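Below is one structure; the comments refer to it alone.
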Amino acid sequence: MAVPAEQPACDDCGTPLVGRFCHACGEDNAPPRRELRHLLTDLFDTFFSFTEHVPSTLRDLAIDPGRILRGLRDGDTKRYLSPFKLYVSATVLFFLFLGLFDVAFFQLRVERTSPGAPVVLMKAAGVDGDHFRLHETWLHPRTVAARDPQVVAAFDRFLAGPVDETNRSYVMLVRNLADEPARTNDLIATWAPRLLWLLMPVYALLLWPFYRRGTLVADHAIFALWAHTTLFLLLIVGALWNMTGLGGGLAVAMLLYQVYLTVGLKGYYGRSWAGAATKGLVHSAVYVGLIWLPLTAAFFFWQAMQNLPASFWES
């Protein structure tokens with residue numbers, strides 16, 4: 001005797017099925033399977049719906065910041081990428097650029113300046129050295145100086161003598177940078193660009209004291225997304241500037257950013273040029289002075305804690 005097959009049930013409401021369509025909810029329980037051509041159609045629709053907004057977005061990013069900011073605020077999705085899509089696209093492009101061209105956002109190097117024997121010195125302004133220097137670069141192709149045993153030995157001799165505890169952590173940090181050049185730089189290269197992403201909400205909150213009347217928190221958030229988009233793209237411009245051999249790419253990027261910031265503030269919030277320029281400079285100073293510099297100091301203090309021996313903290 002044949003055993004009856006179990007009666008199928010509707011995937012949506014669980015009602016036993018008599019045919020293809022559920023008589024309780026109308027669900028089609030045998031929808032057509034998606035073929036490869038359907039997936040390709042979705043891909044091209046997504047791609048072209050994205051790229052059709054890129055020309056107008058890039059044009060107004062470059063020549064009319066106020067116009068694109070007002071469009072982002074008003075939800076003009078027929079002309080521009082959405083604020084978050086614009087921001088994410090710029091950051092992806094920035095990180096992709098760093099990876100493809102092996103550019104370091106920031107790097108430190110202990111390098112020789114002359115063939116003489118390196119010596120670590122205590123001076124009135126702090127710790128210094130003869131025949132070597134601590135050199136920093138921004139937005140340059142990644143170059144890590146080779147380990148110099150003589151410089152490392154000079155630091156070891158200095159640390160073996162009487163050193164006040166205030167300077168010891170700094171000297172130990174630079175000593176380990178000379179001993180393992182890639183260690184600190186890899187951490188900086190990893191975290192500095194990410195902080196630009198994570199601090200975007202803080203940037204928006206710092207705008208509120210300058211433009212409180214007639215604005216919403218969302219207005220400041222949109223401006224912060226635009227500002228960071230502009231900054232990421234200008235950092236690429238600065239790196240390309242450095243790659244030509246001219247140098248000073250970070251200064252070029254930050255100068256252009258401040259110009260765009262002023263134009264954006266004037267076009268978005270509708271105040272005077274003098275007010276936009278002044279508030280833009282103050283906002284940048286507060287953002288760097290109260291946020292970035294303390295975070296930088298905290299990073300190097302954390303590095304000192306990682307590098308100093310346990311006996312230092314016990315004492």
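The sole residue among Y203, Y287, Y257 that is among the hydroxyl-bearing types (S, T, Y), touching a Ser or Thr at 6+ places or on another chain (Cβ under 9 Å) and within 24 Å of F97 (Cβ to Cβ) is Y257. Residues in the stretch 74-88 that are modelled with pLDDT of 85 or more and surrounded by 18 or more Cβ atoms within 10 Å (Cβ to Cβ): P83, L86, Y87.
Listed by position, the helices (runs of 4 or more DSSP H) contained in the stretch 50-163 that have at least 1 residues being free of Cβ contacts under 8 Å to residues at least 12 places away in the same chain, hydrophobic (A, V, I, L, M, F, W, C) and closer than 23 Å to L196 by Cα are 54-63, 83-100.
Conditions (1) surrounded by 20 or more Cβ atoms within 10 Å (Cβ to Cβ); (2) modelled with pLDDT of 90 or more, marked per residue:
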residue: P181; (1), (2): yes, no
residue: T184; (1), (2): yes, no
residue: W191; (1), (2): no, no
residue: F232; (1), (2): yes, yes
residue: Q258; (1), (2): no, yes
residue: L261; (1), (2): yes, yes
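The values are calculated or read from the model by the stated rules, or taken from the named source; none is laboratory data. Only a predicted model underlies this, so the values are computations on that prediction, with no experimental measurement involved. Every residue, glycine among them, receives a Cβ derived from its backbone with ideal geometry; neighbour counts consider all protein chains shown.
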